[in-house]
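First the structure, in the form of structure tokens, and then the observations on it.
The values are calculated or read from the model by the stated rules, or taken from the named source; none is laboratory data. Note that the structure is predicted; figures quoted are calculated from it, not measured. Please note: Cβ atoms are built from the backbone with ideal geometry, for glycine as well, and neighbour counts cover all protein chains shown. Remember, those area values only see protein heavy atoms, side chains included, never the ligands or the DNA or RNA. Shrake-Rupley method; radii C 1.70, N 1.55, O 1.52, S 1.80 Å.
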Amino acid sequence: MEAQALKVESRADLKRTRVKKLRTGGNVPAVLYGNSLEPRPLAIAEAEFAKLIKASASQNILVQLDVAGDPQLALVQEIQRHPLSGAILHVDFRAVAEDKPVIVSVPVEPKGEAYGVKNEGGLLEHVLFQTKIKALPKDLPEIIFVDVSEMRSGQTMHLGEIPLPDTLQVMGNKGIPAFSISLGRAARAEAAQEKAAAAAAKE
């Protein structure tokens, strides 16, 4: 994941009146913490940050903060919004290091049309929508796309079966289903016939 440049300013006055004035001027209060850093109050331009969010395909955004010439790599940890207007109220940045792995949740999306859907009348069931991975900041993917084109009717792909580069480490239970293809009509009819035949053989 490529870090996006974002200019921020230090914020010393934390009084509510000052924060209100900050927002009136088109800026948003923020804070930088983590990686053994003391929490550092910041201010960012709302329009610039909103543009950055809009251009991102994922909830994980890696930024290169510039605080008066002092660079700091960070992840957008949390964005607080107004419940009615959706306006950005506050942003939390988590400081990270280039050479230290981080753990984040990444969306999981299917790619391609499954054979079992196209040719066997099955339906694709998307079971796992996101998963936690561990990787260096530069290796973090915005989205994990999974090729499901070879999946057949009645088949299930589990988390541990998703092909990933060596730079990514999946966290958690690898036996969790990620995608499955329900049985199509032909497959269901065949299974019913086999079941009936087996029952008849026992009589």
Would you tally the residues in the stretch 41-71 being open to solvent by 40 Å² or more (accessible area, probe 1.4 Å), aliphatic (A, V, I, L, M), within 17 Å of residue 22 (Cα to Cα) and touching a residue at least 24 places away in the same chain (Cβ under 8 Å)? 1
For the stretch 18-73 the number of residues that are modelled with pLDDT of 85 or more, out of contact with any strand residue (DSSP E or B) (no Cβ under 6 Å at 6 or more places or on another chain) and of a type in the set (Val, Ile, Thr) is 1
